[in-house]
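The values are calculated or read from the model by the stated rules, or taken from the named source; none is laboratory data. For clarity, every value in this text was computed on a predicted model and none was experimentally measured. Using ideal geometry, Cβ is built from the backbone for each residue, glycine included, and neighbour counts are taken over all protein chains shown. Note: areas computed on protein heavy atoms with side chains; ligands, DNA, RNA excluded. Shrake-Rupley method; radii C 1.70, N 1.55, O 1.52, S 1.80 Å.
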Amino acid sequence: MMPSSLVEFYGKHSNYACGYCSQKSSCHSEGLWAHRLSCEDYQDLIDRGWRRSGCYCYKPIMDITCCPAYTIKCNALNFHINKSHKKVIKRLNKFLRDGLKEAHENQAAESPAGGLGAVEHDRRDTGLMEAPRAPSKQPDLQCFEEEPVAPVAQKAQPTGSFTDEPDGLCLSRPQSGSTSNVSNHSSGSGATNPPKKAKLLRIERKREKLQKKGVSGYELERLMMESKGQNVAKSLEDFLAEAPRDDEPAAHRLKVKLVNAADGATAASYKVYCEYQQRIHQDPPSKMSMDRYKRFLVTSPLQATGVMGSFHQQYWLDDRLIAVGVIDVLPYCVSAVYFFYDPEFHFLSLGTYASMRELAFARTLNRQLPSLTNYYMGFYIHSCPKMRYKGNLQPSYLLCPEVYSWHCLDATVKSKLDASKYSRLNNDPEARDANQPTEQDLSDVLLLRNRKCVRYSQCLANGQIMEVETYARLVGKQCAKRMLLVVA
């Protein structure tokens, strides 16, 4: 059976321009081209610091690149909406009701070049580099000959909560090199006044009934609190739901439509993309083409499975498309790929608003896919102050670039990054990358060579292929044994 993922390893890409510190030759990354990629494999890749742009996947070389980019995620089920987020949602809802523009304190001024200032654009900068062109020579899959390959025994994965994750929200998702340090908290009312046994039974029956109806996560806890007569603060969904309903008078209607990424190459989307790139990024018209747009934001290597895959969230104001959020839905997260909007509507803070909608979407998907608990925001670049806004979504976590464990973006982590832009975030000096390949793992790496699927061990008689060993170290032993690597 052909593996779900087929990739070509490009290796190191060095000395290219940085979009954050404006140096001309200071960026360094590793890259690979994904001809196709399972959602499970891509989840494992982004949990090792990789990120895709179209079909090109890249991983910053953190200890030498000018602006180290840390993968950042927010626990969607435990998200705390703050005052600033509420203001953005209320401002947009007010605009829908009365149609009046309302300036806000962070509104960017018009620049002399005719573009907008950096504030609103930076609120949705995911740190994405533009996709290069596809390999000039595609692997000849028509002539693919599949030879018997001995299956690799998979070790049982540990379960439970892991480093820096809030209780009960990791949902058996193991992270490489991490160990549990989260204590279990009692859900009772306290030792001084324990609830009666009958009351506990009623609460458990209520919980079971709600779970059978498909209610889970934050919504389950909210309903349980309400059933016990406890006051519940307004949720993100409550604020979003304050938009005018269809049966209410309003100046405008906003609809968010989810479409497959492959269906996103429309004239309306391309027009908004061109306006955004030219006015926000100051890209010249010569860089605008439908082919480039497709390569960057429409084409995806992800193999759709169930609710998972690549999508465009289209924001329609009445009959006009005003913004598009490009997202990937993966086994454990909604991953933000890119966001672009019509600069005419910059006063609505659409970048921040769309982040709230994507968070809410992750929470909704959790009902169908309980393992999906997080919202990935791309890269957090602490050395670039204008990129620190991502830490405003709480609780947020950064990925350790050495051990690949997750760590709460709190004052301790920020102080480490203040002291050194590159930092091993894991404090345990004995912690190691549990997904680092051993010699045996290297032997089991899957290769597509001379139109035949073989293990790396079958090629060693002709000498080592150094790129295979580098590739396996970068993608981790699990992906290296599942994905099919094209080699000469």
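Subtracting the Cα-Cα distance from 0.36 nm times the residue separation, let me have the gained length for Asp63 to Lys87 in nm, one decimal.
Answer, rounded to one decimal: 4.8 nm.
Hey, what's region 352-488 come to in accessible area per residue, 1.4 Å probe, Å²?
Value returned for region 352-488: 39 Å² of accessible area per residue.
Using 19 Å as the Cα-Cα cut-off, could you pick out the over-long pairs in Lys257/Lys390; Lys90/Lys234; Lys452/Lys481; Lys390/Lys421; Lys90/Lys255?
Lys257/Lys390
Any idea how far apart Asn427 and Met2 come out in nm if each label point goes 7 Å out from Cα toward Cβ?
Using points 7 Å along Cα→Cβ, the separation is 5.0 nm.
Which residues does the label zone of Ala268 cover in region 295-316, counting backbone N under 14 Å from a point 7 Å along Cα→Cβ?
Residues 312-316 qualify, since their backbone N sits under 14 Å from the label point.
When only C-alpha pairs under 8 Å and at least 6 residues apart count, what is the relative contact order of region 288-331, in percent?
Relative contact order of region 288-331: 31 percent.
Between Lys287 and Gln23, what FRET efficiency follows from the Cβ-Cβ distance if R0 is 25 Å, with the result rounded to 0.05?
0.75
What distance in nm separates the simple spin-label points at Asp410 and Asp247, each placed 7 Å from Cα in the Cβ direction?
Label-label distance for Asp410 and Asp247, simple model: 4.7 nm.
I need the per residue convex hull volume for region 393-488, using only the alpha carbons, in cubic angstrom as a whole number.
Cα-based convex hull of region 393-488, divided per residue, equals 135 Å³.
PRE reach from Met466 (point 7 Å along Cα→Cβ): which of region 1-34 fall under 13 Å by backbone N?
12
Report ³J(HN,Hα) in whole Hz for each residue of region 439-447, in order, from the Karplus equation J = 6.51 cos²θ - 1.76 cosθ + 1.60 where θ = phi - 60°; Gly and Pro get x.
My calculation for region 439-447 gives 4, 5, 4, 4, 4, 8, 4, 7, 10 Hz in order.
Kindly rank 276-287, 297-308, 366-377, 82-93 from highest to lowest mean number of other beta carbons found within 10 Å of each residue.
366-377, 297-308, 82-93, 276-287
How much length would be gained if the chain were fully extended between Glu208 and Glu237, taking 0.36 nm per residue of separation minus their Cα-Cα distance, in nm to one decimal?
8.1 nm
Could you give the distance between the Cα centres of region 304-337 and region 396-445, to the whole Å?
29
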